[in-house]
Amino acid sequence: MSKTETGRFFEDFRLGQVIQHATPRTITTGDVALYQGLLGGRFAVQSSDAFARSIGYPRSPIDDLLVFHIVFGKTVPDISLNAVANLGYAAGSFLAPVYPGDTLSAVSEVIGLRENSSRKTGIVFVRSTGCNQHGGKVLEYVRWVMVRKREEKAPAPPDHVPTLPEAVAAQALGAACPRLKPTAYDFALAGSRHRFADYAVGEKIDHVDGVTVEEAEHQIATRLYQNTARVHFNQLAESKGRFGRRLVYGGHVMSLARVLSFNGLANAFHVAGINGGRHVAPLFAGMTVFAWSEVLAKAELSGRDDVGALRLRTIATRDHPCADFPRRSGDEDHPAVLLELDYWVLMPR
Amino acid sequence: MSKTETGRFFEDFRLGQVIQHATPRTITTGDVALYQGLLGGRFAVQSSDAFARSIGYPRSPIDDLLVFHIVFGKTVPDISLNAVANLGYAAGSFLAPVYPGDTLSAVSEVIGLRENSSRKTGIVFVRSTGCNQHGGKVLEYVRWVMVRKREEKAPAPPDHVPTLPEAVAAQALGAACPRLKPTAYDFALAGSRHRFADYAVGEKIDHVDGVTVEEAEHQIATRLYQNTARVHFNQLAESKGRFGRRLVYGGHVMSLARVLSFNGLANAFHVAGINGGRHVAPLFAGMTVFAWSEVLAKAELSGRDDVGALRLRTIATRDHPCADFPRRSGDEDHPAVLLELDYWVLMPR
Amino acid sequence: MSKTETGRFFEDFRLGQVIQHATPRTITTGDVALYQGLLGGRFAVQSSDAFARSIGYPRSPIDDLLVFHIVFGKTVPDISLNAVANLGYAAGSFLAPVYPGDTLSAVSEVIGLRENSSRKTGIVFVRSTGCNQHGGKVLEYVRWVMVRKREEKAPAPPDHVPTLPEAVAAQALGAACPRLKPTAYDFALAGSRHRFADYAVGEKIDHVDGVTVEEAEHQIATRLYQNTARVHFNQLAESKGRFGRRLVYGGHVMSLARVLSFNGLANAFHVAGINGGRHVAPLFAGMTVFAWSEVLAKAELSGRDDVGALRLRTIATRDHPCADFPRRSGDEDHPAVLLELDYWVLMPR
C-alpha cells in the first residue's frame, strides 16, 4: 500500500470527526524576522520588545496573522489537499498571545458537510483550533472549503450546514491582549496619534501604498507556514492548470493587506477576531497589491477601558490603487478585488 | 602582492595537507527559520522543540542537511573555488547533534589526488570535518571534485586515489541521535503511521509533489551557507558560460529532495549517514524538482531497539514527476535526473 | 481629516526641528540570519559568537550596516517619503555595539535646509541618531536629501547649509569596538593573514566577485529594515515612472559592496565611521554588482594598539567587473559606477 499521503476527498469526511494535524511547530524570533522581511510590518507592539513591555506584554507577541497562517498550514494536508477553492472564514478568535518559543499544534473538527449538486465536489466546514505547548487554545476559526470527491458515485454523508455567527461578539474579544498599562502607550513611537475615539463608523481609509509580489516571496512565506497546497509551488503542473501559473496563497494577501493598513490604522495593534473572509479573485506573482478599509462598527470591551474594538472591512486589490474605494461593480465584485476581510482590531482608547 | 583570494588550483594541493577553513558560524533559530522558508520541511523533530523533547532531545536539533551545507560552504573557498565539477560524496557520518547556539567550524584533509590525462585538471579528494565550539566532531564526509590547474605544464603531485567504503557501516550510525524514550514518539503528530517495520527492501516511493525553484531562493539559500562558488551568483559571468545562466547549488537539490521525501517517509526524522551522492545534471531556476526513493537496505543498530536504519536512494528530477520512477535510460542516466543520493535515515521501530 | 500619512514636504521642515521616528525595533538572531541569506557576509566576528568572544566581545555584534539600515529605515516615513533623491551622507559614527535583543529607535534633527532655484524642491539635511533600549547612542550620521515641495509657491524656510566634516576624525573612532584581547584574533579562522600593517595608502583592491540582484531579494531586505520608500516596492507605479521599474534601495548596494570587500579585506571586521557616500546611479534587479576599494588613509587610534583604522573608498559598479578600477570617465563618473562610499574600517594590528 502506498505510503504517500493523497489527502482526504469529500466522501472521506464525517460529521463530528476530529482530526489531529501533524507537524507541531515552535515559533521563534527567526520566524518573526522572516515574516518581517516578507511582509514589512510596522506595528510597534510586534516590532519592539521594549514597546510591548512598556504597555503590559512580557515581550513582543507573535503577529496574529502569522499565528493564523501557522495553524492554517497544519490543516492543509488533512483538509484541503484536494480542495478546489477555499470558500470562506468565520468565527475566528485569537484566544491567547503567542510568544517566541511557544509550540503550536492544531486540531480540526468537521462541523458541516454538503455535497454539491454536480456530485463531483462537496463543501466541508471545519472548526480548527491552534493550541500552545501547555494545551491552551490560542486561535479558533471556522473555514469552509470545496473539496473534490474521489469518485462521483461515492455515497456522500448527509447534508449538514452549520449555523455561523455573522460576526464575533465584541464581548468575546480581547483574550489575547493584556490590559494595557494606563498612559504607557507611546503614540509617537507607534507612528500615529489616531486612537479609538478618532475613528467613526463608515469612515473609509485608503492605505495608499502598493506592493508587488514575487514568486520567491510568496513561496518562501507559504513554506514558512508549512502550507503544502500544491497550487503555490509547482509551476510545471500549474502551467497546465486553470490559470497557467502558480497561485499566491490567499493568506499572503491577508497579511499584505494587514501590513498596508498600517498607513491609516497604525494603532490597530492587535487582530482580535475574524468575522468573515472571502478570497474574491486569485493573485499571481508580478501583480501589485493595494488595500483600503472601512470602519463597520465600534465596540467597547466589557470591563475594559484600555482598548476599544473597531470592526473593519479591509479590501485588497490587484493592480488597482484604492483612492476610489473599489468594492462592487453593479451586482458583482469589482474586478480588481482580491479579498474582503471582515475582522476586529483593538486600539488604545 | 594581491590580497584577493583566488583559491587553490590542482597543483597547489598536497596529499595529507590539512586546511583550516575560515568563517566559523554560530547557527541560530534564525537560520532554522530561513531554511524552513526556503525548503519547507515538515519533520516534527526539527519543527517542534516540544516534540523533540518528548522523545529525548533537549530541543529541536538543526536539520542534518543544514549542518552539511554550513560545513560544506566553509570548504568552498579553499577547495573548490576553481572547480569544474563536484564529482561525488562518500563516507558521510553525522556524529553529534547540533543545536541553535552551537558554533561550527571546518577542517579538510587532502586524502587523494589524481591528475587528469588532459593535464588541464585533476581530481582532489578531501575528508572534511565539521566541529562544534567544544571541538566535538559533528559531521565528517569525503568529497571529490575536479579542479583546474593554474598552468597545464605545472608538475602535478603523484596520483593517489583513496579507498572509499561503498556505504557507511550500519553499526557506525546513530551517534547524533539520542536514545528515544519508549512509546514517546507520536506518529499522529509526526504525520504518518509508517514505522521502520513497515518498509521493505526494494520498495519504491514516489514523493509526488513538485517545487519550482526561483533565482532568489537558491541564492539566498547558498549565501545562508556562506558558500561562495561563483556559478551560483553572477549572471553577468554565467551568461557567457557553459549554460548561459546561474547554476543552482547542488546541495539545494539535496535539501529539496529530502523535504519532498516527507511525503512517504515522514518518520525518517534523521539523516544518519551519506553513502554516496552524485549530481547527475545541473538545475536552473524556473525548473520544477520532483523526487522518488527506493529502500536499498534495512539495518538494526547495535544495542538499540528504539530506531532502525533505512538505506535509501533518493532520485531528484527536473520537470519530470516521478510516478514512473525515472533513473536510467538504457546505459545512461535518465535525462530528467538531477541527483542520486544514497544515504541512511533513522526511523522509530 | 485623512488618517493616512503622506510624509513631509520641503516646506514642512524647520531648522532645529527634532523628529522622533516611529516603530522601535528589537533586533534578533532572526534578523541576522536573514541579512546573512540576503547578503552572504563572511566576517568572522559577525558570524561566530565563539570568535567574537575570543577577542573580547560578549557575543557576535550586529553587522554595522544592518544597524545603519534599521536606523535609516525608521527615518524614511518622516524625512524622505517625498524625496526625489538621496544626495549624500557624512559624519557617520558607530558609537556602541548592538547585540541581538537590543531595541533600536531613532530621532532626527533638521540641521540644514536650502530651497532649490526651481522652487519645486529643496534640500533637507538631517542628523539622525539611533539609540538602544537604554538610551545609549549606537549610531549617528548626517544625510541630505532632495525633497519635493507640496506647492511651488509655498514660502520656504531661510537657507542654512551646515558645515560638515570632510571625514570623521580618526581619534573619534572605535567606540563600538571593545579592546581586543592580545594575540586572540585568529587570522586563519578570519580568512586572511593581512593585517593593518599590510595595507598601504593608495593600494587598490579588486574584490573580484559579482552578485546578481533579484527583485525578491532587495524587497525582502528593504522590508527587513522597515524602509517604506515606495520606489522599491510598487511595480505598477514605477512602470510609469522615471525608470520603468523598481529601484533597489541604495543601502542594499552599500551592503553588497561591503560583503564583496571581504575578498581582500577579510580582517576589516568593523565599520567604525562613514565619511561620505554618494549614490551615483540606480541599481535595478537583474544587474550584477561588483566592487573595488582604495585605501585613502591609515590612522592609529588614540590609546589603542590593538586595532588600526583604514580609510577606504569602495566603489560599487553594475555589470562591470572591477579589474580596471573604474571610477571616473573624463570629468564624469564612470557610467558603470553605482556608489562611492568613503568610510573607516578597523583592522587588527
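The values are calculated or read from the model by the stated rules, or taken from the named source; none is laboratory data. Because the structure is a prediction, the values reported are computed rather than measured. Cβ placement follows ideal geometry from the backbone for every residue including glycine, while neighbour counts extend to all protein chains displayed.
Tabulated data
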quantity	calculated
Matching entry among A:GLU115, A:GLU215 (being farther than 19 Å from A:ILE274 by Cα, buried (at least 23 other Cβ atoms within 10 Å of the Cβ), touching a strand residue (DSSP E or B) at 6+ places or on another chain (Cβ under 8 Å) and not β-branched (Val, Ile, Thr))	A:GLU215
Qualifying positions in the stretch A:74-114 - of a type outside the set (S, T, N, Q) and closer than 17 Å to A:LEU15 by Cβ	A:ASP78, A:ILE79, A:VAL107, A:GLU109, A:VAL110, A:ILE111, A:GLY112, A:LEU113, A:ARG114
Criterion: touching a residue at least 40 places away in the same chain (Cβ under 8 Å), of a type in the set (Val, Ile, Thr) and touching a helix residue (DSSP H, G or I) at 6+ places or on another chain (Cβ under 9 Å) - qualifying residue of A:VAL208, A:VAL201	A:VAL208
Criterion: closer than 21 Å to A:LEU339 by Cα, in contact with a Gly (Cβ under 7 Å, 6 or more places away or on another chain) and either away from every other protein chain (no Cβ under 13 Å) or modelled with pLDDT under 95 (or both) - qualifying residue of A:HIS207, A:HIS279, A:HIS270	A:HIS279
Where a residue in the stretch C:223-237 is within 7 Å of another protein chain (Cβ to nearest Cβ) and at pLDDT below 95 and its partner, wherever it lies, is surrounded by fewer than 19 Cβ atoms within 10 Å (Cβ to Cβ) and not in a loop (DSSP other than H, G, I, E, B), with Cβ under 7 Å and at least six apart	C:ARG230/C:ALA237
Residue count for the stretch A:187-201, restricted to those that are more than 25 Å from A:PHE94 (Cα to Cα) and more than 8 Å from chain C (Cβ to nearest Cβ)	1
Candidate set from the stretch A:46-75 (those that are of a type in the set (A, V, I, L, M) and within 10 Å of another protein chain (Cβ to nearest Cβ)); member that is farthest from the chain's Cα centre (by Cα)	A:ALA50
Some residue of the stretch A:127-141 being more than 14 Å from chain C (Cβ to nearest Cβ), more than 30 Å from B:GLN219 (Cβ to Cβ) and modelled with pLDDT under 95	no
Candidates C:ALA167, C:ALA184 - the one that is surrounded by fewer than 23 Cβ atoms within 10 Å (Cβ to Cβ), within 14 Å of chain B (Cβ to nearest Cβ), more than 30 Å from C:ASN82 (Cβ to Cβ) and of a type in the set (A, V, I, L, M)	C:ALA184
Selection status of B:SER80, within 11 Å of chain A (Cβ to nearest Cβ) and among the small types (Gly, Ala, Ser)	no
Residue in the stretch C:164-187 that is closer than 16 Å to C:LEU15 by Cα, under 21 Å from the mean Cα position of the chain (by Cα) and of a type in the set (D, E, K, R) present	no
Single match in A:THR6, A:THR29, A:THR103 (criterion: surrounded by 24 or more Cβ atoms within 10 Å (Cβ to Cβ) and within 11 Å of another protein chain (Cβ to nearest Cβ))	A:THR29
Qualifying residue in the stretch A:238-249 (condition: more than 9 Å from chain B (Cβ to nearest Cβ) and under 16 Å from the mean Cα position of the chain (by Cα))	yes
Residue ranges of strands (runs of 3 or more DSSP E) in the stretch C:1-117 with at least 3 members at pLDDT below 95 and of a type in the set (A, V, I, L, M)	C:83-94
Identity of the residue in the stretch A:312-349, among the β-branched types (Val, Ile, Thr) and closer than 30 Å to A:LYS181 by Cα, that ends up surrounded by the fewest Cβ atoms within 10 Å (Cβ to Cβ)	A:THR314
Residues that are part of a loop (DSSP other than H, G, I, E, B), hydrophobic (A, V, I, L, M, F, W, C) and surrounded by fewer than 18 Cβ atoms within 10 Å (Cβ to Cβ), drawn from the stretch C:230-243	C:PHE243
Any chance C:ARG246 is touching an Asp or Glu at 6+ places or on another chain (Cβ under 9 Å) and either assigned to a helix (DSSP H, G or I) or under 17 Å from C:PRO335 (Cβ atoms) (or both)	no
